[in-house]
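Notes for the one structure printed next.
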Amino acid sequence: MAKDTKKQARSFAPSISNKKVRHNFEVLETIEAGIALKGTEVKSLRLGDASLGEAFARIDGGQISLHNFQIQPYKQGHPHQS
């Protein structure tokens, strides 16, 4: 029986990590969270075109914001598509 490819695609979760952070800092706690993306950002991230090198998180008013997280533009996407 053929595997359900739609089910496999839904279970795919890209993972981007910063390997240098554990070398340069003492990590006291880790939190895994989702991120709200739209448009071609999703396709670019699935290709692994992202960098956490200079990224940091900040808690403001009970909400966590990710700053300096770089997602490269999706090459096949329209430049004005969001």
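All of the numbers you see were taken from the coordinates with simple rules; none came from a lab. Nothing here was measured: the structure is a model prediction, and the numbers come from that model. With ideal geometry, Cβ positions are generated from the backbone for all residues, glycine too; neighbour counts draw on all protein chains shown.
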Original post:
Of the peptides 61-73, 21-33, how do they stack up when ordered by the mean number of other Cβ atoms within 10 Å, highest first?
Top reply: 61-73, 21-33
Subject >> Charged-residue dipole, Cβ positions (Lys, Arg, Asp, Glu), the range 15-82 about Cα centre, Debye nearest 20 >> reply: 300
Subject >> Surrounding net charge for Pro73, when Lys and Arg each add one and Asp and Glu each subtract one, Cβ distance under 12 Å >> reply: 0
Original post:
What is the extension gain from Glu26 to Lys43, computed as 0.36 nm multiplied by their sequence separation minus the C-alpha to C-alpha distance, in nm to one decimal?
Top reply: 2.9 nm
